Structure formats: structure tokens, C-alpha cells
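To start, the structure itself, in C-alpha cells.
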Amino acid sequence: MTEKFDIIGDVTYRYDSDMEAQDSVAFSDATFESTFMDTQDLLTINVSQPIKRIMKFYNIEMGIPESFTELDYDSMTAEQKSALDNFITANTI
Amino acid sequence: MGTHIKIKPYIPTTPSEIVEFDTTDPNLGGTIFTPDIQGATNTLYISRDPSTIGQTWVWNTTSNTYETYTVDVPDSTPFWLYGTTIDAGSNKTAFIQRNGPIFINSAPSNGSRYAGYFYSRATSGQGSGVLIRKDSRTTSGNYLLIQGHDFSTNISVDKLKVDHNGKLSINDAYTLPNVGGTAGQVLTDDGAGNVTWQSGGSSGIFGIANASGVYTYYTTLTLAMTAAVSGDTIEIFADVEETGSVTITLKDGVKINGNGHTYILSVDDATNALTMSSVGTYDLYNWNVKRTGRTAGTTTGYTFYSTQTSAKINFLGVNLENTFGTCYYGGGQIKNAYGVGYLNGLYGGTGSYPVVHNSYFESTTSGTGMYVPYTNIYNSTGVSNSGIGISCNGNVFESMGISVSNTGIQAQRMNKCIGISTSGKGLHGGSRNCTGISTSGFGGASGDFYNSTLISSSNYGLSGANAYNCSVQSSTSIATSSCSIYNSTIRCLWNNVGGHCTITFALGLREIVNSILEVTNSSAYCISAYVGSTWKYANNSFKGATIPINPSLIQGITNTSDSQGNILI
């Protein structure tokens, strides 16, 4: 079952709980995009480990981001929670 | 003054006109004369009837009949009338012949520098020419020769000679072939005067220089490779695109210098651009080789295809590219290569395996930058977008693997390597003196890690592994998962109550010995594990935690230290 989603550009990469890549699909979720996305290089969705959250990383060079933001599920608005839950439900394999 | 009487010497005369007839006697009715001159004086009539061939007759104006005519034959006659043994005598207009050589000896004077010359001039509408014919019943000594002789040195030189095979030699310096060449061929001297037809021209895209630096040119790389022998260098002087099913099979010892030009094979079939099928040494320089023309994702049709493991391929300044599939497929001792493929950069095929030195291979999509089964990779870089940067079931030394969404390097053993991934694992497998970095994946996973650094921004620094003398860090997640840790530094920078240094998700023994474990959130544990787990931990230093060890964790060490401080854990 998908444990992590990584959105890079217009591609969503899916990983299981061992962080093994499951597959990649085109990203297409307008609600999610308008709710969370900006100029990040990488948007990571942790489904449960270490916690349910969204991480955004900026200016990644050689695997190291210049900066990042962390948004815990518990800190999200209702609209954000809805957008995240809908995305996870629609994309989990 | 006395009177001088001039006595005209007797000069036997012979008929000057020759007419042939087809019977035994020209007096017979129906006789055909050639030319048709009949009953003429000063004319010799020669029989061509088989029973009397060569018998001669003249016209008797008294009897008006033909009479046989015979003259005495001198012992040595200079010339005969043609076709007879009759001395030509004073006849200066007849067609004459002689057996034996003719020597013309004349001192040049007054502008005439010729001992003699043959001259044939045509009247209007007729052909003209000079014929020199050498007959012989054998061939070996049968030739035509014009020779020059230097009196001062008494040396003769064959100025022009046509031998029995029809080969023309000039000045005894070089010999031309006796057959024509094929289209586009040129005459080439081997330096010893043997001139032969060779493919190519005075210029061309592909050239091979001889020892004197003189090029022979070829219109295609195939022709050049066919002509090349070990030690040759094929030079390329322009960009080339092949659109047919053309495979260039490299030869042992034959080098190719691309001079910075590009060779493109664009055809929609499984043809490989370059192939290497035998053990040997292959050097390619300063060249771009591109395989294109197929639908993206097609697996066959490689830029470079090799079936040999031990053949040596040295790429110096060579760029290999494949726009739809795999760039390099197969084995070989690969040095200094640079290859980019849509599917795979390098894929060590079945049956032959590559050993890679100082090379760079990249997959632009989901393939492997560099896949090397069973053998080794040295000082190289593998890059992939959503595949593994370097995948090796053998050893990887001083190399770098980079992947956007997959593992940087996955190998049985790594030494002095760097694995980098944006969302996958930095390193996967045992490593020594390595660095694994990932933004959202594991810094490292699986195997024994010695003297290595494993870093993740939002995931485990190390997972499912043993760390010896390592430095492990996570910025926004638990530092390690399911690891035993020895003499290492473990840091969790995540300011969260869940920001532990260790974690497991099932019962299982782990060991944490002689290490430093640091957390950022004071409520987090330096050592945490699945509830009810038994771990062995000793001689550790904890930092940042109010309660460093999860109270649910059971100490698995039951022995105590001896008087020297040693303990069996």
C-alpha cells in the first residue's frame, strides 16, 4: 500500500512502506494543486510515517534542499484535510 | 678532258601493284581479282587458292595471257613484298615485310631528333592508327617495350613497357593495373611502384592515412572499416547520418577518430549503430554517436552493442546517445565512456558483462543509468530520472549514483561512493566510506555500512541496516529504522515528540553500542523501538532527551563487565 507520494513537476511517484518505488503517474488534481502547491521542487505526502503530513522542498541540490516546509495533518484546515484525503484516496495503490 | 660514260647499273625491278585472285590460274574463267585489276602491267598477281597459295603471275602483253613469274631469292633479303618471299627490291610503294628486327640508327641533325617515326594519317572519313603487335606462342616473355639508353653510363631504362598480362610500366618506376576500377575508385601507389585501384577519392568523409600521412578516402564508414587493418585510424571529417540498416562492426586494433563530428544511425529496426563481437582493443576518440529513429521506449536498436566481456573499449571524448532505448548494451572493459539513453544508459546484458572505468551513463526516463551485473564499477557516475542511478551486483568503487525518484546506488558492496536521490534511497546495500543522501527517501538502506554518512531530509537516514562508525541524520523524521548501531553518531533534527533516533515496527533484537544519539525534541527518545522489544544497548551517550530510552524497551544485556571493563553483550 502506498505510504509516500512524491510530486516532482507533473509526475507523482508512489512508494510503499519500505520506500520501494511502486510506480509513477501523471499528476492531475486541480484541487490539491491549488490548495498546496507553489514553486517547490518536491512535494512529499507521508501517509502515516513518521506522521501524516505534507513536506515541500525548495532548491534541491544534490539531494539536499535549500529550504523546506512541513505541514502536519493536524495543523491543516478542513479544506486542506479534505484535499489531502481525497488525493490519498484517489491515488493509493 | 676525257669523256665520262655513266653506266646505269642493272636494278631488278618488280611489279609494284599487287592483286590477289581466288583460283589456281588467273587465266581461268570466273577468276575473281582483288582489287579488280586485270591484264595490267607492273602488277603482280598472287594466288590465294589453297593448292597454289602464294604462287605469283604477271601479265604478258604479247600473248595477252598471265604467265607464272618467279625471281631469284637472294640469300639475305632486306624486305619482301607482303605475303610473299619476293624481294621488294626497289619497290618503294608496295606493302612490304621482313622477318627479324629492324634497327633504325640515325644521328639527329638540323632540328630532327628522331631516328625515325611511324606515321599514319587518315583521309577524310577514314580511321587511322599505328599498330604494334607482338606475337608469341608463350606469354611470359611477350611484351612491348620502349627503352631509353644513356651512352655516358651505358645504362638502359625501360621507359614504357606492356607486359604479357597487359600491365603498363612507365620509366621502370611504377606499374599500372591491367583492369579498370569500379565506380569511385582511385589509383593508389603502395610506395613500391605497385599501383592498384582503391575505393575512395581525393577527398571524402572517412579517411585512413598510410605511414607517409597520405589518406585514402571512403564514402562510408562501412567501406573504411572493411579496408582498415589493425593499427589503422579511421578519421571522420564530417557529420554523417545513415538511414539504412547499417551496423559498423569494430575491428581489433582499428581506431576511430571522429574529430568532433556526429555519426547518426536513424532507422526504425533493431539495427545497432556500433557492434563489437571479438576480444581485442578498441579505441574511439572525439566522436558523437547517436542512435535514433524508433519510437521512444523501444528496447532494441542500441547505440553500442557488445557480446564480449574481456574486450577493451576506450572512449576518449566520445558521446553515445540513444533517443528511444538503451545506449550501451552488453559487456566489455569500458573506459571513459559517456552515454545517455532514453531507457538505459548502460545495460550489462546476458552472457557478457561490463567492467566500467571512469565513465558516465544516464537514463533520461525510468531505466537504469548504469546496470552492471556481477562485475565492478570504478570512478564512474550513473544517473537516472525514475530508475536507479547505478545498479551493480558486484563492487562499486569511488563512484556516484544519482536518481530523482529511485535509488542513487544499489550494489552488493560500495566503497568511497556517493548515492543521491531526491525521493528514493541514496544508497542500497553494503558500503564502506560512502555517503548516501536523500530528500524524501532513505539516506541508506540494507546491509552493513562502515564509516559512512547517511542523510535524509524527511525520512530515515538509515533503514534496515547495521551502522559501524557511521554518521546518520534525519531532518524531519526518525533518524534510523530497524538498525543496529555501533560506534556511530545518530542525530534526529526533527523537533517532534516522534523525532526519535531509532525505531522498529516489529519485535526483533537490535544492538546500540558505543554511540552518540541526539534528539531535538526533549520528549523524543534516543532509543525507541516497537513496544515490548528487547535490545542490547551499552556505553552510549544520549543528548537532548528528557528520557533517552523508551521505557517499554527491555535491556537484552545480562552479563556484567569483567575487571578490565570488557563485556559480552
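The values are calculated or read from the model by the stated rules, or taken from the named source; none is laboratory data. For clarity, every value in this text was computed on a predicted model and none was experimentally measured. Positions of Cβ are backbone-derived with ideal geometry, glycine not excepted, and every protein chain shown enters the neighbour counts.
Might you let me know whether the stretch B:317-331 holds any residue that is at pLDDT below 95, closer than 22 Å to B:SER399 by Cα and either aliphatic (A, V, I, L, M) or assigned to a loop (DSSP other than H, G, I, E, B) (or both)? Scanning the stretch B:317-331 turns up at least one residue that is at pLDDT below 95, closer than 22 Å to B:SER399 by Cα and either aliphatic (A, V, I, L, M) or assigned to a loop (DSSP other than H, G, I, E, B) (or both).
Taking the condition of being among the small types (Gly, Ala, Ser) and at the interface with chain B (Cβ under 8 Å from one of its Cβ atoms), how many residues in the stretch A:18-28 meet it?
So the first thing to find is which residues in the stretch A:18-28 are among the small types (Gly, Ala, Ser), and the list is A:21, A:24, A:26, A:28.
Checking the rest, the ones that are also at the interface with chain B (Cβ under 8 Å from one of its Cβ atoms) come to A:21, A:24.
Total meeting the criteria: 2.
How do the strands (runs of 3 or more DSSP E) wholly within the stretch B:393-499 filter down when requiring 1 or more residues that are among the small types (Gly, Ala, Ser) and surrounded by fewer than 24 Cβ atoms within 10 Å (Cβ to Cβ): which remain? In the stretch B:393-499, B:427-432, B:444-450, B:462-468, B:471-474, B:484-486 are the strands (runs of 3 or more DSSP E) which contain 1 or more residues that are among the small types (Gly, Ala, Ser) and surrounded by fewer than 24 Cβ atoms within 10 Å (Cβ to Cβ). When restricted to residues that are under 16 Å from B:TYR285 (Cβ atoms) and buried (at least 19 other Cβ atoms within 10 Å of the Cβ), the stretch B:228-244 contains 5.
For the stretch B:360-376, what are the residues that are in a loop (DSSP other than H, G, I, E, B) and either surrounded by fewer than 24 Cβ atoms within 10 Å (Cβ to Cβ) or within 22 Å of the chain's Cα centre (by Cα) (or both)?
First, pick out the residues of the stretch B:360-376 that are in a loop (DSSP other than H, G, I, E, B): B:364-369, B:373-375.
Scanning the stretch B:360-376 gives B:THR364, B:THR365, B:SER366, B:PRO373, B:TYR374, B:THR375.
Quick check on my filter: what residues within the stretch B:518-541 are aliphatic (A, V, I, L, M) and over 13 Å from B:CYS483 (Cα atoms)?
Step one: of the stretch B:518-541, the residues aliphatic (A, V, I, L, M) are B:519, B:524, B:527, B:529, B:531, B:538.
The answer is B:VAL519, B:ALA524, B:VAL531, B:ALA538.
Just so you know, in the stretch A:46-91 the residues that are under 12 Å from the mean Cα position of the chain (by Cα) and touching a residue at least 60 places away in the same chain (Cβ under 8 Å) include one that is surrounded by the most Cβ atoms within 10 Å (Cβ to Cβ), and it is A:PHE87.
Grab the strands (runs of 3 or more DSSP E) fully contained in the stretch B:182-249, keeping just those with 1 or more residues being out of contact with any helix residue (DSSP H, G or I) (no Cβ under 7 Å at 6 or more places or on another chain) and acidic (Asp, Glu). Outline the logic, then answer.
Details: elements: B:186-189, B:195-198, B:206-209, B:215-218, B:233-236, B:240-242.
Filter on the stretch B:182-249 gives B:186-189, B:233-236, B:240-242.
Would you confirm whether any residue within the stretch B:448-469 is at pLDDT below 95, out of contact with any Ser or Thr (no Cβ under 7 Å at 6 or more places or on another chain) and under 26 Å from B:SER484 (Cβ atoms)? Scanning the stretch B:448-469 turns up no residue that is at pLDDT below 95, out of contact with any Ser or Thr (no Cβ under 7 Å at 6 or more places or on another chain) and under 26 Å from B:SER484 (Cβ atoms).
Among residues of the stretch B:425-441 being more than 7 Å from chain A (Cβ to nearest Cβ) and hydrophobic (A, V, I, L, M, F, W, C), the one that is farthest from B:THR480 (Cα to Cα) is B:CYS434. Restricted to the stretch A:29-70, and to residues there that are away from chain B (no Cβ under 11 Å), among the acidic types (Asp, Glu) and in a loop (DSSP other than H, G, I, E, B), the residue that is nearest to B:LEU493 (Cα to Cα) is A:ASP38. Taking the criterion of being small (Gly, Ala, Ser) and at the interface with chain A (Cβ under 10 Å from one of its Cβ atoms), the residues of the stretch B:405-424 that qualify are B:SER405, B:GLY408, B:GLY419, B:SER421, B:SER423, B:GLY424. Tell me, which residue of the stretch B:277-316 that is part of a strand (DSSP E or B) and among the aliphatic types (A, V, I, L, M) is farthest from B:GLY244 (Cα to Cα)? So the residue we want is B:LEU316. In the stretch B:371-383 there is at least one residue matching the filter, namely being more than 20 Å from B:ASN314 (Cβ to Cβ), out of contact with any Pro (no Cβ under 6 Å at 6 or more places or on another chain) and within 14 Å of chain A (Cβ to nearest Cβ).
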